[in-house]
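Below is one structure, written out as structure tokens; comments come after it.
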Amino acid sequence: MTTKIKATNMELTDAISDYVNKKIESINKFVSFGEEVIIYVEVGKTTNHHKQGDYYKAEFEVILDGEKFFTDSEKSDLYKAIDDAKDEIIKRIKNSKSKKNTLYKRGATSVKKMIKGISKRNPFTSK
């Protein structure tokens, strides 16, 4: 697993870096053993914003075996933005994995029916 953390328009302190690394560890729970994972995290203060006060932005980009997942969050508190972005990226990874499993199960069921002779449908041509 490769991780890169970048700060924009602010200084990357040890506290922020540790907090982001702790949140990244929760992403590892949803990654299978042996999968190549690259995680890019960008945190920063947005400028020229139409809202009053400081607003912080957290962006997560996860590349999981060639498949890219991206999310960003903008909040008035940096830690809330990091939490929100982490939750969204986990949701997207889970959704993608469940879609793959569903397609795999549907294909396997179709092949099983074809072998048993219940269905004359060819799963490779969808007819």
### Query
For the chain, treating each Cα as an identical point scatterer without solvent, what Debye log10 I(q)/I(0) comes out at q = 0.09, 0.13, 0.18, 0.19 1/Å?
-0.39, -0.62, -0.93, -1.00
### Query
Relative to the first principal axis of the alpha-carbon coordinates of the chain, what is the inclination of helix 78-116, with its axis defined by its Cα atoms, in degrees from 0 to 90 and to the nearest 10?
10
### Summary
Surpassing 20 Å at the alpha-carbon level, of the pairs LYS23/LYS57; LYS23/LYS94; LYS29/LYS57, are LYS29/LYS57
#### Entry: Simple spin-label estimate for ARG92 and VAL37 in nanometres, 7 Å along Cα-Cβ
1.6
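Counting Lys and Arg as +1 and Asp and Glu as -1, what is the net charge of the other residues whose Cβ lies under 10 Å from the Cβ of GLU59?
Numbers: positive: LYS6, LYS57; negative: GLU42, GLU61, ASP72, GLU74.
Its environment carries a net charge of -2.
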### Task
Compute the acute angle (0 to 90°) between the alpha-carbon long axis of helix 14-27 and the principal axis of greatest extent of the alpha-carbon atoms of the chain; round to the nearest 10°.
10
### Query
Counting only DSSP beta bridges with both residues in the chain, what percent are antiparallel, rounded to the nearest 5?
70
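Quick note: the coordinates plus some simple rules give every number you see, no bench work behind them. Values in this document were obtained by computation on a predicted structure and should not be read as measured data. Ideal geometry is used to build each Cβ from the backbone, glycine not excepted, and the neighbour counts take in all protein chains shown.
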